[in-house]
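Step one of this worksheet: look at the structure below.
The values are calculated or read from the model by the stated rules, or taken from the named source; none is laboratory data. All figures in this text were calculated on a predicted structure; none of them were measured in a lab. Note that each Cβ is placed from the backbone with ideal geometry, even for glycine, and that neighbours are counted across all protein chains shown.
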Amino acid sequence: MRDPTPIAMVEPTIKTTKKMAIHCSVSIHGGSLCRKLDLSLAGDTLNSRQTKPPIMSSRSAMPTFELVGLFAVVYLLQMLSAVTGLVSELFVLQPPIQDDPWTVVTSVFAHADIGHLVSNSVALLLIGIPVAMFTTRVRFHSFFVGAGALAGVAQIVLSGVFSVVPVVGFTASPGVVGASGGVFALLGYLLASNRVATTLGSALRLPNWLTYAVFFLLAGMLTLVTASPGAALIAHFTGLIVGLAAGRAHLLDPMRW
């Protein structure tokens, strides 16, 4: 017995007729090998190599309107639960958090009064729509709830820690409600992920520690500028930090993650 002579193949060529395709491969040793292929099958093979299936997208501004609607529904539930005196147990995030753990989520959609509800809804529409248009419904809602819940927990925990430090002069938060932590997270994301910020970051090539130092400074300034009586400043600051970090990583971009 002997080893078969290896045949090196070059790029195949395809000749087409009306109903058949002839596939020819030329050997470097001379001669050619041709075989007939059904044209419809050859066309399918070529098309499958040259084209990719379309990417389905669920991007739209609707998630922001869905949140506003949810705010309104939860506010109605708050008024109904006020009759039975269960508002705090159902919707207010307060220490100790483990007593009513569901309020970590429900407090994000609850509001103190109608003015609080309207202001957060308007801010959400202005800031949330540009973000929602470049991500998916699931990512948008998950990010909003996750950032808002984290901001609320930070307000309860850190205000309690700072309250025991005389120099700081902080008072422990008895409870928090509102979507502002999630709204500030969307604002941070919008600031860090837009084309201008991305281009500037690529041009400057700042080290990570300096980038996050700028984020902390920017979050602190925005928190102070938007401060108002009764505002949960730690929650606003936390939301901005989360949003800025997520925006830098383009966390909501389905083409990257």
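Given the residues L46, L33, which is the only one that is part of a strand (DSSP E or B), modelled with pLDDT under 95 and surrounded by 11 or more Cβ atoms within 10 Å (Cβ to Cβ)?
Working: L46 fails: part of a strand (DSSP E or B).
The conditions single out L33.
Is it fair to say F170 is modelled with pLDDT of 85 or more and aromatic (F, W, Y)? Steps first, please.
On the way: modelled with pLDDT of 85 or more: no; aromatic (F, W, Y): yes.
Judged against the criteria, F170 is not a match.
Residues being over 18 Å from S159 (Cα atoms) and surrounded by fewer than 14 Cβ atoms within 10 Å (Cβ to Cβ): count how many of those fall in the range 73-98. Show your work before the answer.
Applying the first criterion (over 18 Å from S159 (Cα atoms)) to the range 73-98 yields 73-91.
Those left that are additionally surrounded by fewer than 14 Cβ atoms within 10 Å (Cβ to Cβ): 73, 76, 79-80, 82-86.
Looking only at that region, the number is 9.
Of all residues being among the hydroxyl-bearing types (S, T, Y) and over 24 Å from L210 (Cβ atoms) in the range 224-257, which is surrounded by the fewest Cβ atoms within 10 Å (Cβ to Cβ)? Just the residue, please.
From the range 224-257, those among the hydroxyl-bearing types (S, T, Y) are 226, 228, 238; that's our starting set.
Within this subset, residues satisfying the condition of being over 24 Å from L210 (Cβ atoms) are 226, 228.
Values: T226: 15, S228: 7.
Only one residue fits best here, namely S228.
With respect to F134, is the statement that it is aromatic (F, W, Y), assigned by TED's automatic domain parsing to the domain that holds E66 and closer than 18 Å to F237 by Cα true?
Working: aromatic (F, W, Y): yes; assigned by TED's automatic domain parsing to the domain that holds E66: yes; closer than 18 Å to F237 by Cα: no.
Judged against the criteria, F134 is not a match.
Restricting attention to the range 64-78, does a residue exist that is of a type in the set (G, A, S), in the same structural domain as S142 (by TED's automatic domain parsing) and at pLDDT 95 or above? First the steps, then the outcome.
Going through the range 64-78, the residues of a type in the set (G, A, S) turn out to be 69, 72.
Among the residues that remain, those that are also in the same structural domain as S142 (by TED's automatic domain parsing) are: 69, 72.
Within this subset, residues satisfying the condition of being at pLDDT 95 or above are 69, 72.
Checked the range 64-78: at least one residue is of a type in the set (G, A, S), in the same structural domain as S142 (by TED's automatic domain parsing) and at pLDDT 95 or above.
Pairs under 9 Å by beta carbon, first residue free of Cβ contacts under 8 Å to residues at least 24 places away in the same chain in the range 70-96, partner surrounded by 14 or more Cβ atoms within 10 Å (Cβ to Cβ) and assigned to a loop (DSSP other than H, G, I, E, B), six or more apart or different chains?
From the range 70-96, the pairs are L77/A110; V87/A110; E89/D100; L90/D100; L90/A110.
Could you list, ordered by first residue, the pairs with Cβ atoms under 6 Å in which the first is in the range 232-257 and over 19 Å from F170 (Cα atoms) and the second is among the polar types (S, T, N, Q) and assigned to a helix (DSSP H, G or I), at least 6 apart or interchain?
Pairs found: G247/S193; H250/S193.
What about G178, is it at positive phi and in contact with a helix residue (DSSP H, G or I) (Cβ under 8 Å, 6 or more places away or on another chain)? Let's see the steps before the verdict.
Values: at positive phi: yes; in contact with a helix residue (DSSP H, G or I) (Cβ under 8 Å, 6 or more places away or on another chain): yes.
So G178 passes the test.
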